[in-house]
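Following: one structure in structure tokens, then a few remarks.
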Amino acid sequence: MGEDRELAVRDWLPRTAALLVGTLALATAFIAAYVGALHQPTPRDVPVGVALGNQRAQAVMAAVRARTDKIKPVEYDNPDAAGDGLTAREVYGVLSSGPGDGLRLTTASAAAPAAAELVTQVITEAARQANLPLQVTDEVPVERTDPRGLVPFYLAVGYVLGGYLASTALGLTTGTAPVSLPRAGLRVATLAVYSIVLGVVGAAIVGPVLDIWHHDVPAVAAVGALTVFAAAMIAAAIQAWLGLLGTGIVILLLVVLGNPGSGGIYAPEFLPGWLRGMHRWNVTGLATDQIKSAVYFDRRSMGWTLSGLVVWALLGVLGLITATMFHTHRQARRAAGARPTGTGEPATDG
């Protein structure tokens, strides 16, 4: 009995220690990522459009750029192209000539209220110093029910969370790696149905239930379903290859790095340099941008974000299938190696 208990402790202790060390590492990374990224937002190179040939606006933008790096001028061939850049989410504002000898600043606070507010403050001060009247118009405002513009981010976080939790739950009950390709197909189908359901539920909550958005509920549901499926398939693929360790990596990628790097709390231009481009490829950032595009902006702004989510979903499906094939093949080889031969000796691989 004493030897059995000692063996059990020897078997239990390393696994428990490894889990606690892994949890400690994730918690440490969580604190470092969130506090490091969000404790002191410092805007830099926030893009503002200006049309070539608009000398008055260009002169003010040049003066702004000479004084601060908070604003980055983005030049367009004509005013129409600059306006398209605003609705396509390439810039947070467009500066142009206004009535008389004044200026007009057109912003899109729905992209990021803090960025639009910064642009307005900087340009207003520049116009005052140039002694030019300034007219400010918010062309794409946030809903009054979401004045800080955080609902797209929190909705995206909920979708991503639901996706990887569903994958983890299936992994715990049926095994992280499916035992056959038909089982892998069943897992993909199950997660696809779950994704559609959660996409609809999330859209209904922010739409009819809480009455935050009064339009584009089907588009939000579609974006939500794709987001949930992408997160679920990434988690399923990583867990199928790495087992329990994969869950920690999933949390690191989708939550610890994904949330602060999404640009959902602060615009990407407000984040430290190592996080500024992350929203272009991490699932939470892609989903946040996609929801904003679906609710507020021109559908042309959906291009890369939609493609990025589709790519993640397809990579997840491919990863799950290849992991299943690998494990199935390895189990078959083990079974063949353990099968007795006619001479009573174990069968060899040769």
* Matching residues, the range 36-46, being surrounded by fewer than 17 Cβ atoms within 10 Å (Cβ to Cβ), in contact (Cβ under 8 Å) with a residue 12 or more places away in the chain and not basic (Lys, Arg) -> 36, 38, 41, 42, 45
* Structure fact -> When every residue in the range 203-217 that is aliphatic (A, V, I, L, M) and more than 11 Å from residue 294 (Cβ to Cβ) is compared, the one surrounded by the fewest Cβ atoms within 10 Å (Cβ to Cβ) is 209
* Asked: Can you find a residue in the range 309-322 that is under 17 Å from the mean Cα position of the chain (by Cα), at pLDDT 90 or above and closer than 26 Å to residue 117 by Cα?
  -> no
* Filter result for residue 200 (surrounded by 15 or more Cβ atoms within 10 Å (Cβ to Cβ), more than 24 Å from residue 314 (Cα to Cα) and at pLDDT 95 or above) -> no
* Structure fact -> Among 191, 186, the single one that is hydrophobic (A, V, I, L, M, F, W, C), more than 24 Å from the chain's Cα centre (by Cα), assigned by TED's automatic domain parsing to the domain that holds residue 225 and assigned to a helix (DSSP H, G or I) is 186
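Residues checked against (1) out of contact with any Cys (no Cβ under 9 Å at 6 or more places or on another chain); (2) surrounded by fewer than 23 Cβ atoms within 10 Å (Cβ to Cβ); (3) over 19 Å from residue 150 (Cα atoms):
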residue	(1), (2), (3)
96	yes, yes, yes
101	yes, yes, yes
104	yes, yes, yes
111	yes, no, no
115	yes, no, no
124	yes, yes, yes
131	yes, yes, yes
138	yes, yes, no
* To do: Determine whether residue 297 is crowded, with 21+ Cβ neighbours inside 10 Å and more than 14 Å from the chain's Cα centre (by Cα).
  => no
* To do: Could you please give the count of residues in the range 71-82 that are out of contact with any helix residue (DSSP H, G or I) (no Cβ under 6 Å at 6 or more places or on another chain) and either touching a residue at least 24 places away in the same chain (Cβ under 8 Å) or aromatic (Phe, Trp, Tyr) (or both)?
  => 8
* **Verdict on residue 33 being more than 30 Å from residue 255 (Cβ to Cβ) and in contact (Cβ under 8 Å) with a residue 60 or more places away in the chain** => no
* Do the conditions hold for residue 287, that is, is it surrounded by 20 or more Cβ atoms within 10 Å (Cβ to Cβ) and touching a residue at least 60 places away in the same chain (Cβ under 8 Å)? -> yes
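The values are calculated or read from the model by the stated rules, or taken from the named source; none is laboratory data. Only a predicted model underlies this, so the values are computations on that prediction, with no experimental measurement involved. Here the Cβ is made from the backbone with ideal geometry for all residues, glycine too, and neighbour counts use every protein chain on show.
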